[in-house]
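I have placed the structure first, in the form of structure tokens, so that the comments after it can refer back to it.
What follows is calculated from the coordinates using simple rules that are stated; it is not laboratory data. Keep in mind that what you see is a predicted model, and the values were worked out from it rather than measured. Neighbour counts are summed over all protein chains in view; Cβ atoms, including those assigned to glycine, are modelled from backbone coordinates with ideal geometry.
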């Protein structure tokens, strides 16, 4: 395997020639600002997407819109970050399908994963990119886990749209389309897919039972109205908007503890119902706990993600970072610090690209991946000698 990463900037292009590695064993990942590549439109003949499709007509091209583009230890807006990997023996298979608009996200995930498993008996990893506004990310992750039945590591994320939350897209046959999901299968005995997730959040207060919830709406915690409890506990630290709760997300875990806890961010406050709307599902009967952090702890948490990725020293490495738009909002001017922390923990010759997302997908337990929020995730791809 050999890898390359680069970035397209307005008025500058890619700055260096794209590697001439076109072929069915080449993967091209595209993470683009929606201001540069618009949804549901053909590629601009003079734009970055058209240039990539021209350079890699026979390759597997996958991508999505972002809430910030990552390349190495930097984050940018209004750019396109690209990673290219050419494999020696690893097989690539890309499947896409509609999601949202009445479709069952769990069923879509199960179907796509089952198709990958049926076609690739030695499936090692699945990387997923989904529309970030129409999909139920928690159900999609569960469906993918059910369909893979423990045969592969499942990672990825939900496409972003900056801080607008208006339109997100995923590449399908070289065209950016809303309401779609794409899953990439990496198969073969020599591919290694590592993963890690880091938060940096610390516990604030006691565990609480989710006594009434529907999907991503929590009505009651410990039998009390959820919004009332949040306000009584946080006091002056909580304002009148969801943005005021960014530093205080919720940790959610199943009561039996078979899966790790996931982080959920408050998306909206419902004053009339005194309920909280979160960015992912919070099952009734689960155990919840308030979290808090300072920026230094969040940066340290990003480094922890790399430690868990279990890299093989000495092999060429492609590292894909998917971090939460909520973390970017909390970290502010220190956002690049978490990326620099990630880079400091990786081999010097690693190629790193990725994006800020509307939700991260990563393993949360044995044979199960879930939707995370306020978390930085790392997927590492390596290939051992045949």
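Which residue, 98, 255, 225, has the most motion in a Gaussian network model of the chain that connects Cα atoms within less than 10 Å? Ranking 98, 255, 225 by mean-square fluctuation puts 255 first.
Nearest 0.05, what FRET efficiency do residue 54 and residue 76 give at R0 = 22 Å with Cβ-Cβ as r? Could the numbers behind the result be given before it?
On the way: r = 23 Å, r/R0 = 1.07.
That gives a FRET efficiency of 0.40.
Tell me, what are the semi-axes, in whole angstrom and largest first, of the equivalent ellipsoid of the chain as set by the roots of 5 times the Cα gyration tensor eigenvalues?
Values: eigenvalues 222, 94, 81 Å².
Output for the chain: semi-axes of 33, 22, 20 Å.
Highest mobility in the GNM of the chain, judged by mean-square fluctuation with C-alpha springs under 10 Å and restricted to 272, 369, 286, is found for 272.
Of the residues 381, 287, 37, 203, the one with the fewest other Cβ atoms within 10 Å heads the list, and the complete ranking is 203, 287, 37, 381.
So for segment 238-386, what percent of the C-alpha to C-alpha distances run longer than 23 Å? Show your work: numbers first, answer last.
Working: 4506 of 11026 pairs.
Counting pairs separated by more than 23 Å, the tail of P(r) holds 41 percent.
Measuring r between the beta carbons of residue 88 and residue 44 and using R0 = 30 Å, the FRET efficiency lands at 0.30.
Classify segment 1-114 as rounded, prolate or oblate from the Cα gyration tensor: take a ≥ b ≥ c as the square roots of its eigenvalues, call it rounded if a/c is under 1.5, otherwise prolate when a/b beats b/c and oblate if not.
On the way: a/c = 1.82, a/b = 1.23, b/c = 1.48.
Because a/c hits 1.5 or more and a/b fails to exceed b/c, segment 1-114 counts as oblate.
Counting beta carbons within 10 Å around each of 282, 153, 117, 342 and listing the fewest first gives the order 117, 153, 282, 342. When the helices of the chain are scored as -39500 (n - 2.57) per DSSP H run of n ≥ 4 and the total is divided over every residue, the value at 222 nm lands at -6000 deg cm²/dmol.
Largest GNM mean-square fluctuation across 157, 132, 285, computed for the chain with C-alpha springs under 10 Å, falls on 285.
Determine, for 232, 89, 357, the number of other Cβ atoms within 10 Å of each Cβ, and report the residues in order from fewest to most.
Numbers: 232 11, 89 15, 357 35.
In increasing order of surrounding Cβ atoms, one gets 232, 89, 357.
Do you know the relative contact order of the chain, to the nearest whole percent, from alpha carbon pairs under 8 angstrom that are 6+ apart? Relative contact order comes out at 21 percent.
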